[in-house]
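Below is one structure; the comments refer to it alone.
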Amino acid sequence: MASGTWPYMFPPYAARPYTLEESVKMLSELGFEGVELSGFKPHAHPDLYPAKKDRRDLESMIKSFKLEICGYAADMGGYAIASNYESERRAYEEMFDKNLDFCQDLGIKVMRVDTVSGPKGIPGVPWETAMKRVIEMFKKCSKKAEDAGITLAWEFEPGFMFNKPSEIIKIVKEVDHPNFKLLVDSCHAHCCGIGLNQPHPLEIIDVPISKVAAEFVRRLKGYVGHVHLIDSDNTLNPHNTSTHVPFGLGVIDFDEFMKALKEIGYSGWLSLDLCFWHNAWEATRDCKKFLDELVSRHG
């Protein structure tokens, strides 16, 4: 069981973010086994740890709390993969290389990526052209990741371009690389499955609403490389993506979700994600208890 560190530095904590060491210490004290690092400042951004010694010291600090680094959410600088400007696409690739090197130096095996642009796409870029560019970049980056021994995990969500179930499946199939997988966030999977923020026509997974996320997981067999767990109340937050509510405040059937993960053969990390929740720091303890009980029931 792991947790990401971004909930403790993103809004509403941006004015006074908890430091990376404070976050790691708290997660360790609550009994987590792993930590998923935020690659955004002021946490584990490559620029803050520029030398290999800085990175060894960071790794040592985390290990001193008896935590394993199970993943990395890279800051890609907001450079649009599908941009009409070659210079912007090149800047994305340069940021990717910088973050990949960082992961290598810390021995991190999973690096998160996304499609960068919002759900309406990029003005002046046809939808199919944008998808082709995203697939091409993901293929190129997957080859680099393979050479580095790292898996890329694309986190699809309502707040980004290509958030319909069929689009997600089409992209991962066309990238067709063993080092390219999906990061399935239970909340995002639910919200993508009920059509939130989708361009029309909406594409909805037609099952009882509590089982949408589980059904989506079943459709992704063979492509799931990392998992985030958190509940959904069927809404978007002020940041225009899924509202990550603590367990019990939403509608997801997590016993069904865990069954689906077992059915598709997933056995990797389960990572708590309280991104943008207003009292994520205080809510983490109860979320950990919920996850402990959930995992206990499902082995």
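Side notes on the structure shown:
- Counting Lys and Arg as +1 and Asp and Glu as -1 over every other residue whose Cβ lies under 13 Å from the Cβ of Pro158, the net charge comes to -4.
- What you get for the chain, charging only the Cβ of Lys and Arg (+1) and of Asp and Glu (-1), is a dipole of about 440 debye around the Cα centre.
- Separation between Cα centres of the range 191-208 and the range 60-119, rounded to whole Å: 28 Å
- Descending Cα extents along the principal axes, the range 149-252, whole Å: 38, 30, 27
- Antiparallel content of DSSP bridges confined to the chain, in %, to 5: 10 percent
- DSSP assigns beta bridges within the range 145-299; of those with both partners inside it, close to 20 percent run antiparallel.
- For the range 105-187, the set of trypsin sites (Lys or Arg not before Pro) satisfying both a DSSP loop assignment and a count of at most 13 other C-beta atoms within 10 Å is given as Lys120.
- Count Lys and Arg as plus one, Asp and Glu as minus one, and take only other residues whose Cβ is under 15 Å from that of Trp281; the net charge is then -2.
- Phi angles across the range 94-107 convert, under the Karplus curve 6.51 cos²θ - 1.76 cosθ + 1.60 with θ = phi - 60°, into 3J(HN,Hα) values of 5, 5, 4, 4, 4, 6, 5, 4, 4, 4, 4, 5, 9, x Hz, Gly and Pro given as x.
- Above-threshold pairs, the threshold being 26 Å between Cα atoms, out of Lys173/Lys289; Lys139/Lys262; Lys63/Lys109; Lys144/Lys288; Lys53/Lys139; Lys25/Lys109: Lys173/Lys289; Lys139/Lys262; Lys144/Lys288; Lys53/Lys139
- Put simply, the amide H of Val224, placed in the peptide plane, has neighbours under 5 Å in Leu182, leaving out anything fewer than 5 places away on its chain.
- 3J(HN,Hα) along the range 281-296: 4, 6, 6, 4, 4, 5, 5, 5, 4, 4, 5, 4, 5, 4, 5, 4 Hz, from the Karplus curve 6.51 cos²θ - 1.76 cosθ + 1.60 with θ = phi - 60°, whole Hz, x for Gly and Pro.
- The convex hull defined by the C-alpha atoms of the chain has an orientation-averaged projected area of 14.3 nm².
- Toward the positive end of the charge dipole of the chain, with +1 on the Cβ of Lys and Arg and -1 on the Cβ of Asp and Glu, the farthest Cα among Tyr18, Phe40, Asn279 is that of Phe40.
Each reported figure results from applying straightforward, stated rules to the coordinates on display, with no laboratory input. Remember, predicted model here, so these are calculated numbers, not experimental data. Cβ coordinates were reconstructed from backbone atoms using ideal geometry, including for glycine residues, and neighbour counts include every protein chain displayed.
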